[in-house]
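*Asks:* One structure, pasted below without further comment.
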Number of protein chains: 2
Amino acid sequence: MTTTPPTPRTRKSPEQVRTATHQAVIDLLCDPQGEDLTIPAIAHRAGVNHTSIYRRWGSLDALLADMVTTRLESTSPLNDTGTLRGDLLAWAQASAASIRTPEGRALVRAVILSMPNTTQSQDERAQHFRRRMHSIEQIRERATTRGETPPPLEQILDQLVAPFYLRAIFGIDPPTTGYPETLVNRLLGNEHPHPTNH
Amino acid sequence: MTTTPPTPRTRKSPEQVRTATHQAVIDLLCDPQGEDLTIPAIAHRAGVNHTSIYRRWGSLDALLADMVTTRLESTSPLNDTGTLRGDLLAWAQASAASIRTPEGRALVRAVILSMPNTTQSQDERAQHFRRRMHSIEQIRERATTRGETPPPLEQILDQLVAPFYLRAIFGIDPPTTGYPETLVNRLLGNEHPHPTNH
């Protein structure tokens with residue numbers, strides 16, 4: 001993607017404000033100049049008044065959380081492949097493709113920046129985490145319905161989700177071939193050598 | 001740890017400025033009020049002039065990187081346990097203990113915030129990453145010297161390092177018993193039987 005210059009400030013509908021503001025966050029996170037991510041900077045780039053942003057979202061954390069939820073929902077359609085292994089592989093393939101793009105890495109960064117960073121909000125953090133792990137929970141539920149036994153959520157987190165986050169954070173691209181398969185095989189065991197079978 | 005009130009601004013030696021500034025970053029990252037991490041906010045809390053901070057570190061990223069390096073070096077003594085397995089286990093135990101504390105989680109957050117966030121700095125990111133992975137590289141080198149065959153760095157990253165980062169980010173405490181052993185067994189295989197893996 002390319003970063004866009006600040007948008008001229010014209011009258012916008014609430015939905016246009018939302019879209020422009022979300023895009024401004026992504027652009028700032030991808031910006032080679034590395035300008036700090038602040039509400040005034042976002043407002044300037046989005047071409048909206050910063051008071052509109054404070055009124056609508058209240059805080060930068062809340063804006064980031066809304067942006068992340070919207071983007072992740074729009075980019076993570078989760079088709080039922082018919083097996084736990086197939087579903088996890090599809091999730092991993094989508095994640096691998098995403099973190100190869102600046103926008104995908106920016107999204108991971110936004111997820112992290114939007115975490116409530118207080119010592120008292122363990123519950124809030126856990127809630128935030130469950131929202132982010134919604135797609136993994138869906139995969140687990142489908143597996144259970146089919147009569148499969150999925151690994152515990154925390155194990156999927158450690159073995160499948162965590163590597164993508166860390167690679168996105170440090171900008172370490174995943175290996176170009178076989179990486180999703182490697183992670184899924186480590187998680188489920190290697191008894192199905194061809195992950196797309198049955 | 002408890003957060004401290006802003007320090008009165010008195011004449012400080014360069015080393016005192018550095019210590020006070022680093023502590024102010026940690027305090028702000030742990031602060032239940034969640035004040036944004038900016039150089040003026042850091043200067044205020046540290047009781048130093050913000051121009052001193054700009055002069056010394058140049059940018060927030062650079063300050064965070066310096067703080068992280070200093071803290072991680074002071075808190076990660078890496079004794080040679082005599083085996084690859086023992087060294088990795090010691091690393092994992094120290095990491096598990098660290099992310100149970102607000103300061104430990106703040107440190108992980110600072111590592112992430114200090115990442116160069118530009119699309120053009122893949123090299124810079126990789127360098128930053130290698131500095132953060134220095135202790136893991138030391139463990140690998142010692143193993144090779146002993147005649148052991150350590151897993152590739154990226155595999156250690158995916159299976160041992162990544163889970164701690166993700167748990168610190170989302171505030172998900174690791175299981176209270178056996179977690180370091182579980183991760184190391186997954187990484188190295190379970191030939192030294194300890195029934196913590198599944």
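The values are calculated or read from the model by the stated rules, or taken from the named source; none is laboratory data. Because the structure is predicted, anything quoted here is derived from the model rather than measured. Here the Cβ positions follow ideal geometry from the backbone for every residue, glycine too, while neighbour counts run over all protein chains shown. Heads up: the accessible areas ignore ligands, DNA and RNA and are worked out on the full protein's heavy atoms, side chains in. Shrake-Rupley method; radii C 1.70, N 1.55, O 1.52, S 1.80 Å.
*Asks:* Look through B:Pro163, B:Pro151 and report the one residue that is over 13 Å from A:Gln159 (Cβ atoms) and at pLDDT 90 or above.
*Replies:* B:Pro151
*Asks:* Among what's in the stretch A:115-148 and is assigned to a loop (DSSP other than H, G, I, E, B) and modelled with pLDDT of 70 or more, pick the residue that is surrounded by the fewest Cβ atoms within 10 Å (Cβ to Cβ).
*Replies:* Checking each candidate, the answer is A:Gly147.
*Asks:* Please specify each residue of the stretch B:168-192 satisfying the condition of being in contact with an Asp or Glu (Cβ under 9 Å, 6 or more places away or on another chain) and facing chain A (nearest Cβ under 8 Å).
*Replies:* Matches in the stretch B:168-192: B:Gly171, B:Ile172, B:Pro175, B:Leu183, B:Arg186.
*Asks:* Which helices (runs of 4 or more DSSP H) does the stretch B:13-73 wholly contain that include 2 or more residues that are polar (S, T, N, Q), open to solvent by 50 Å² or more (accessible area, probe 1.4 Å) and away from every other protein chain (no Cβ under 14 Å)?
*Replies:* Helices (runs of 4 or more DSSP H) meeting the threshold: B:14-30.
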